[in-house]
Amino acid sequence: MSCETPNPDNSISLHGEWEFVWGSKIDPTHLEAGNQNWKAFQVPSVIESRNGENYVLIRKFLPTDVTYRDPAILFSIMLEDFEIFLDRKSIYQFGNPYSELGRIQSYIFPHVISLPNDFQGKELRIFIHSKYKDFIGPDRIIMLTERGQIMQSILIADLPRYLLGSIYLLIACVSLILFVLSDKNRIFLYYSLMLLFNGGITIAADYVSMNFFEDPKTPVYMYYFNLYLLPIFLYAFLGEIYQNQHRKIFKTGIVFYTLYFLIASFLIIVYDYGFLNLEVFFNTSILIGLLPLLSIIIYHSHKADKDSRILLLGFIIFTLCVAHDILTDFDIFVYKVSLYWYGMFSFLLFQGATLFRKLYNIQKNNELKENELLVAKKIQNSILSPFPDYLTNWEFTSIYEPMREVGGDFYDILIDEKGTIGVILMDVSGHGVAAALIASMAKVSFSHCQNFLNSPDKVLSEMEKSLGDKMNDHFATAFYLSLSSREAIVEYSSAGHPSALLVTDPQKEVIEFRTKARPIGISPKSEFSKSYLHLNEGDLICVYTDGVTELNDPHQNEYGSTRLKEILLNNHRLPLAEIKEKLLHEFKQWTKNVNIQKHDDLTLILIRYNGKVT
């Protein structure tokens, strides 16, 4: 899976017969040309009788019948550290072939070595040090030609990978954006990481990238670590595709390849083992690891799962391409071109197709849910009783802002035959549909209190009895007020609810009032008390849920009750509609025009006593 290096025009292949000598003790510059130790072998091929030796000297005489303006030799792969001599004069060194220190392992990318113009007939010697157990020396393409032609051929051959790598990175960025926008849906993260790792492998495995870094070890580590991490996120991605199915298989795959990555990294970094010495085990583990994934995809394809059929087609293409490259590494096929890049690109495109099909289905389901929630919102708004406008001694208005389409805040008003007015405000714990359903039950429960609206403690007791065992780990705070149509008095009872506020007109002060009791749904044995207040004409009552005082600004500072008291005190003589508008403006100013019901449902009721008897 190294760089592609096709033969340019006017090139001469240096394949064929070379000579070699084993041993670390030899002097590569002074070993005589006619020494009897030289033995013939064919390049490229495995040099025989290695017997654990890591040092070899090879040579070949360059052709005499060619000339070039800027001659150079291309070695597409040279394993691993080496020095090149021309007529025993050093012309190129890579790594440190004479020592264990400063070695560059597993570098499987091209080397372009410039030659003098009078190279014809000279002896080319290469002293090589390699710990790779399966091969030592030059492999694949070895050719002599113009340097410019070599560079042009390399760049043209690498151009498709530059394009693939750029596409990977672009789609990875899009997938990361979708990950953020989709409330951290991990499938987009895993897909993005697969693309990033593939982009890293694709772009790193070319001649320009190899020579971009000052230290040649850097691109080697980039290439292999990206390669080792890739199967981890392939398993994670497919695990998200098949949610809640085959969990053990996906978890086992993730754990196995994570352990492989950690153990391989330890062997390479601590024991100088080399990536290439792990190649057979890695290739085998990939082939074995693909089998359970392929089985899962085939199983679901057989069950007519469209996503699985898309994945199966991509998987087949990818598997064939990987198998081709692995069998080529095992010398079963003759190397011509690496198909991995194209197989992986195809597979990732098919994965992307399943991902965006899933995204489309999620979007479609979300639209259905949104439509259902909008209907639910209309229904919930319809159960919030409008305040009467025919009572001359009382005025009402309210602010209702649920955190979501539906919420757990609820208020209602009832009037009995004697003219007693019952107003209740409840705040069910939690948000969304569950809280809204409990709020709906609360309305039904409150409607059964029509006959004792003048007994606040009894109203809350009855609601505890009817709701307490139906709330499923939820609870609700409540504040109930009983208003007389003939007297300047208000009786009240509360259950764990924030204190209500009374803004008195003559004294121009704000009084907090409530009774002590636990919220509804905490204990069936809860007892509720009641109390009362005398009112003056123009007095203003404000009952609210904690979503008002806990309203956050962009710095997470709470609005608090002090600010609420101040704005009510400064504006209490205004018409209720104007007070309501000032409150809404104040809330939006506090949140900097961010959605004011961001963290909790927000409900507030304003009641003014006019002092006139109907």
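The values are calculated or read from the model by the stated rules, or taken from the named source; none is laboratory data. Note that the coordinates shown come from a computational prediction; the quantities given were computed from them, not determined experimentally. As a convention, Cβ positions derive from the backbone with ideal geometry for all residues, glycine included, and neighbour counts pool all protein chains shown. The protein model used for the area step is the full one, side chains on, heavy atoms only, and it has no ligands, DNA or RNA in it. Shrake-Rupley method; radii C 1.70, N 1.55, O 1.52, S 1.80 Å.
Cα axis of helix 279-302 to longest principal axis of the chain: angle in degrees, 0 to 90, nearest 10? For 279-302 against the chain, the angle is about 50 degrees. Of the residues Ala488, Asn96, Leu115, the one whose Cα sits farthest toward the positive end of the charge dipole of the chain, with +1 on the Cβ of Lys and Arg and -1 on the Cβ of Asp and Glu, is Ala488. For region 487-498, 3J(HN,Hα) computed residue by residue from phi via the Karplus equation (6.51, -1.76, 1.60; θ = phi - 60°) reads 10, 8, 9, 10, 9, 8, 8, 9, 10, x, 9, x Hz, glycine and proline entered as x.
Please list Ile136, Ile316 from largest to smallest accessible area, probe radius 1.4 Å, with all protein chains kept in place. Can you show the working numbers first?
On the way: Ile136 10, Ile316 80 Å².
Reading off the accessible areas and sorting them downward yields Ile316, Ile136.
First select every other residue whose beta carbon is under 11 angstrom from the beta carbon of Ala236; then total the charges, Lys and Arg +1, Asp and Glu -1. The answer is +1. Only protein heavy atoms count here; on that basis, with a 1.4 Å probe, Arg357 has an accessible area of about 90 Å². With R₀ set to 56 Å, the beta-carbon distance separating Arg573 from Asp272 gives a calculated FRET efficiency near 0.05. Ranking Gly274, Leu311, Gln243 by how far each Cα lies toward the positive end of the dipole of region 213-342 (charges on Cβ) leaves Gln243 at the top.
Accessible surface of Phe387, taken over heavy atoms with a 1.4 Å probe and every protein chain present, rounds to 40 Å².
Can you give the extra length, in nm with one decimal, that the chain gains between Phe61 and Gln589 once fully stretched, where that is 0.36 nm per residue apart less the Cα-Cα distance?
Details: separation 528, 0.36 × 528 = 190.08 nm, distance 8.46 nm.
Computed gain between Phe61 and Gln589 is 181.6 nm.
Axis angle, to the nearest 10 degrees, between helix 306-329 and the longest C-alpha principal axis of the chain: 20 degrees. Between Ile288 and Asn552, residue separation times 0.36 nm minus the direct Cα-Cα distance comes to 89.6 nm. Here the dipole of region 173-330 is about 760 debye; that uses its Cα centre as origin and unit charges on the Cβ of Lys and Arg (positive) and Asp and Glu (negative). Compute, for the chain, the length of the dipole vector about the Cα centre, with Cβ point charges of +1 (Lys, Arg) and -1 (Asp, Glu) only. Units Debye, rounded to 20. Value, rounded to 20: 860 debye.
FRET efficiency for the Ser485 to Gln245 pair, using the beta carbon distance and R₀ = 60 Å, is estimated at 0.40. For the pair Leu359 and Thr252, the difference between a 0.36 nm per residue extended length and the Cα-Cα distance amounts to 35.9 nm. Here region 82-104 is scanned for amide nitrogen atoms under 13 Å from the site 7 Å beyond the Cα of Phe213 along Cα-to-Cβ, giving 104.
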